[in-house]
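J.: Here's a structure for you.
Quick note: the coordinates plus some simple rules give every number you see, no bench work behind them. As the structure is a computational prediction, the values presented were derived from the model and not from experiment. Cβ placement follows ideal geometry from the backbone for every residue including glycine, while neighbour counts extend to all protein chains displayed.
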Amino acid sequence: MRILIAYLTYSGNTEEIAQHIENKFVQDDGATVDMHEIGIDLVPDLQQYDYIFLGTFTWDYGSTPDEVKDFILEVGYKPESIAIFGSGDTQFGGEEIYCKAVDKLVTFYGSKWDGLKIEQSPRGSQEELIDQWLEGVLEDVYSTA
Ligand SMILES: Cc1cc2nc3c(=O)[nH]c(=O)nc-3n(C[C@H](O)[C@H](O)[C@H](O)COP(=O)(O)O)c2cc1C
């Protein structure tokens, strides 16, 4: 099974979530996992992957960063099995716009899974949140494999 984890990060928090997800796959399941840093790496052909994980932080009063929008346009279609995760901060306007970009992408792609929202860095207690969320996604992944 081939997995792509694509993410945008400025200060490293979303990257930490991406790396945590990567480690889970590599340690527990032996899947082939490719990492893609949006805005840095050449956009890969998503058709070669069985599952895509797309990560973004939220910006500018609940907005999706332009780099993520460009990535979406360049990909040019909506992959069927795409799970969305992201980092945000409630101090930037409260629950209403907290990790809003995650909600927007879940809706845009019609993702089968709830989006994962992490406040700032996932290090510490929030790692458990990632694990719980991944369990839900993996249940589907391995029941259809
Ligand atoms: C100018 C600015 C605007 C932000 N706006 C939001 C926002 O609207 N909603 C939110 O949840 N987080 C917001 N954040 C917080 C970032 O999403 C958060 O720091 C995130 O962890 C950054 O991810 P990164 O470390 O991967 O770059 C904002 C941060 C900055 C600097």
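J.: Hey, any hits in the stretch 108-125 for a residue that's buried (at least 19 other Cβ atoms within 10 Å of the Cβ), within 16 Å of the ligand (Cβ to nearest atom) and assigned to a helix (DSSP H, G or I)?
T.: no
J.: State which residue is nearest to residue 72 (Cα to Cα) when the search covers only the stretch 9-28 and only residues that are in contact with an Asp or Glu (Cβ under 8 Å, 6 or more places away or on another chain) and near the ligand (Cβ under 7 Å from one of its atoms).
T.: For the stretch 9-28, the residue satisfying everything is 9.
J.: Which strands (runs of 3 or more DSSP E) sit wholly inside the stretch 13-99 and have at least 1 residues that are hydrophobic (A, V, I, L, M, F, W, C) and in contact with a Ser or Thr (Cβ under 7 Å, 6 or more places away or on another chain)?
T.: In the stretch 13-99, the matching strands (runs of 3 or more DSSP E) lie at 51-57, 82-88.
J.: Would you be able to say whether some residue in the stretch 79-94 is exposed (fewer than 13 other Cβ atoms within 10 Å of the Cβ) and in contact (Cβ under 8 Å) with a residue 24 or more places away in the chain?
T.: No, that holds for no residue.
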